[in-house]
Amino acid sequence: MAKTKAFNMAELIRHLNYNATNDTLETNKSIKSEGKVRKTKVTTTTAQQEIDSFVKADYSAAQYIITASQGSEYHTTVILINHDGDDAFSTQYADVMSDAVIATYTGNVSGSNIQLLATPVATNTTFKFQVEFVDA
């Protein structure tokens, strides 16, 4: 049976547990974060391109908080990506825009890596982001 995107997102969520005693979310997976390290990528084309990647054997999922800017326009969003080793699954939510969509995003498997791909609507788009990973 083929796994759906919803199934893969549910698989990610199932590792989270709510502890009512101390009102916290807990997980049996370790979560690694690059914290407040800012990564930046500036594009020169509107073609789909890699914004970031991670080794699929090391991490089962990633959460990106991205701000894309083009001139005085801004588009901030959250992207979740997980994978089953063969396919990557992603969802985008929490979009906040100053005017219009600046880029669209998708996850992709490329060899031993999982890629975050972006398709900007204009050249010279700047992507700044923070990422958190969930161990495989």
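The values are calculated or read from the model by the stated rules, or taken from the named source; none is laboratory data. Keep in mind that this is a model prediction, so the values were computed, not measured. Here the Cβ is made from the backbone with ideal geometry for all residues, glycine too, and neighbour counts use every protein chain on show. Heads up: the accessible areas ignore ligands, DNA and RNA and are worked out on the full protein's heavy atoms, side chains in. Shrake-Rupley method; radii C 1.70, N 1.55, O 1.52, S 1.80 Å.
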Check: Quick one: how many residues across the range 55-71 are under 16 Å from PHE127 (Cβ atoms) and assigned to a strand (DSSP E or B)?
Finding: 9
Next item on the list: Return the residue satisfying two criteria in turn: it lies in the range 92-121 and is part of a loop (DSSP other than H, G, I, E, B) and in contact (Cβ under 8 Å) with a residue 12 or more places away in the chain, and of such residues it is most open to solvent (accessible area, probe 1.4 Å).
Entry: ASP99
Check: Considering only the range 72-91, how many residues are part of a strand (DSSP E or B) and under 16 Å from PHE133 (Cα atoms)?
Finding: 10
Next item on the list: With respect to SER72, determine if the residue is of a type in the set (S, T, N, Q), open to solvent by 40 Å² or more (accessible area, probe 1.4 Å) and modelled with pLDDT under 95.
Entry: yes
